[in-house]
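This report refers to the structure that appears directly beneath it.
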């Protein structure tokens, strides 16, 4: 069993109320081989929502050294962390050892995320949920 980002299934749950459909991922969920989650929604954030970026990597956010902040300056770190832990709880409940998550996302990105300036600049790092998954032995790839 694997965990996938809900937006990759075609579900309109991204910050902008849209999706990033990937037919292969949607087929895995339809076949019962994957469970879709949206950590940001699980953390209590609405859809659509003001976009958020991380001030530091997801690993640092989990350690209390970074924050998730919306474009209009609202601190949504608590929601990002809560959603990551809820997604991990679901992953453990279904026995997932692998996740396919949305690239560049402040929750789901692996390897590259936006730098927190809302300028479109990318930096090395992982999103909050991706970092938590990896910390707990779940292999993460992004699309």
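Quick check: pseudo-label points 7 Å beyond the Cα along Cα→Cβ at residue 55 and residue 97, how many nm apart are they?
Modelled inter-label distance: 3.9 nm.
Pairing the Cα long axis of helix 77-93 with the longest principal axis of the chain, what angle in degrees results, from 0 to 90 and rounded to the nearest 10?
20 degrees
By count of other Cβ within 10 Å, fewest leading, how are 3, 138, 90 ordered?
Taking fewest neighbouring Cβ atoms as first place, the list is 90, 138, 3.
Note the full-extension length gain between residue 70 and residue 27 as 0.36 nm times their separation in residues minus their Cα-Cα distance, in nm to one decimal.
Additional length available on full extension: 12.2 nm.
Find how much the distance from residue 118 to residue 134 grows on full extension, using 0.36 nm per residue of separation minus their present alpha carbon separation; answer in nm with one decimal.
3.2 nm
Grab the Cα-Cα distance for residue 12 and residue 47, subtract it from 0.36 nm times how many residues apart they are, and report the gain in nm with one decimal.
Stretched out fully, the residue 12 to residue 47 stretch lengthens by 11.8 nm.
Using a 10 Å cut-off around each Cβ, can you sort 88, 101 from fewest to most neighbouring Cβ atoms?
Sorted ascending by nearby Cβ count, the order is 88, 101.
Could you tell me which of rounded, prolate or oblate describes the stretch 27-76, using a ≥ b ≥ c as the square roots of the eigenvalues of the alpha-carbon gyration tensor, with rounded for a/c under 1.5 and, failing that, prolate when a/b is larger than b/c and oblate otherwise?
oblate
Taken together, the values in this text are just the output of simple stated rules run on the coordinates, not laboratory data. Please read these numbers as outputs of a predicted model, since none were measured by experiment. Don't worry about glycine lacking a Cβ; one is built from the backbone with ideal geometry, like all the others, and counts go over all protein chains shown.
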